[in-house]
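Encoded as structure tokens, the structure appears first; notes follow it.
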Amino acid sequence: MELSEIRIANFLSYIKEFFDNSINKFAKVNNINVNQYYAIVRGERPFGDKVARNIEHLMGLDAGDLDKNPNNNELTFECPLIIEGEPIPKDPMASLLKRKISSQALPNFLLEQMGLTKRNIFIIELKTSLFPPAFNEKGVWVVEKFSGYFISNKYYLFNDNNNLFIYKVEKNISTTILFDCNNKVILKISNDEENSILKCVIGRLRYGLSGGVM
């Protein structure tokens, strides 16, 4: 592990131990700007020596405590994995394939912000251009297992005969509409007929490990 990863893992561990797993609480107690710490955990800002020593001081730790290689911290966790082009299980959470995700790439506070738990997400590895224009790079995505109903203007992953599709779903009073990555209408049905497509939905795209929240 790189030093920055060790520092982030230790920082999150101390946040959990001393501040009820809340970076917001840590910032509020110390009257500091919380945004910089979210940025550090997400890897958007460097976790340098000066920052590390300051955090140790604020937490009442000894200098260098954040640099110690952790033994018991939860540095990674496993998620069910689906790879585009390979067989897709009926229940994605039952996939025999697994993908390890680091706590730096997907920290607990981010899961909490999105209302997710490690028990209702899986990972999809996409190899073709299924993305809408704003997310047109190939990559690895966190998908929330389908909850049984659509949220309007969100992107969902569909499985049709072992082929994956990403559609944006728009709902109004009477209809459900599916849009492809070019914002072209693929399907428009009445809400009464919605059950005909629900069986094809496997989840909602939530977080690109190389992108952003959806």
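The values are calculated or read from the model by the stated rules, or taken from the named source; none is laboratory data. Keep in mind that this is a model prediction, so the values were computed, not measured. Cβ atoms come from the backbone with ideal geometry, glycine included; neighbour counts cover every protein chain shown.
Quick grid of which residues meet (1) assigned by TED's automatic domain parsing to the domain that holds Tyr155; (2) over 28 Å from Val143 (Cβ atoms); (3) assigned to a helix (DSSP H, G or I):
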residue: Ile32; (1), (2), (3): no, yes, no
residue: Glu44; (1), (2), (3): no, no, no
residue: Pro80; (1), (2), (3): yes, no, no
residue: Glu125; (1), (2), (3): yes, no, no
- Note on the structure: Among Asn30, Asn21, the single one that is surrounded by 14 or more Cβ atoms within 10 Å (Cβ to Cβ) and at positive phi is Asn21
- Item | Complete set of residues in region 138-166 that are under 19 Å from the mean Cα position of the chain (by Cα), over 19 Å from Cys181 (Cβ atoms) and of a type in the set (S, T, N, Q) | Ser147
- Message: Just to check your reading of the model, which residue among Ala52, Ala39 is in contact with a Gly (Cβ under 9 Å, 6 or more places away or on another chain) and either more than 30 Å from Asn159 (Cα to Cα) or surrounded by 14 or more Cβ atoms within 10 Å (Cβ to Cβ) (or both)?
- Response: Ala52
- Message: Show me the strands (runs of 3 or more DSSP E) entirely contained within region 141-180 in which 1 or more residues are surrounded by 11 or more Cβ atoms within 10 Å (Cβ to Cβ) and touching a residue at least 40 places away in the same chain (Cβ under 8 Å).
- Response: 154-160, 163-171
- Item | Residue in region 98-122 that is surrounded by the most Cβ atoms within 10 Å (Cβ to Cβ), counting only those that are aliphatic (A, V, I, L, M) and in contact (Cβ under 8 Å) with a residue 60 or more places away in the chain | Ile121
- List every residue pair whose Cβ atoms sit under 8 Å apart, with the two residues 6 or more apart in sequence or on different chains, where the first one lies in region 28-41 and is closer than 13 Å to Leu110 by Cα and the second, anywhere, is basic (Lys, Arg). Ala39/Arg45
- Could you please give the count of residues in region 188-214 that are at pLDDT 90 or above and over 25 Å from Ala94 (Cα atoms)? 3
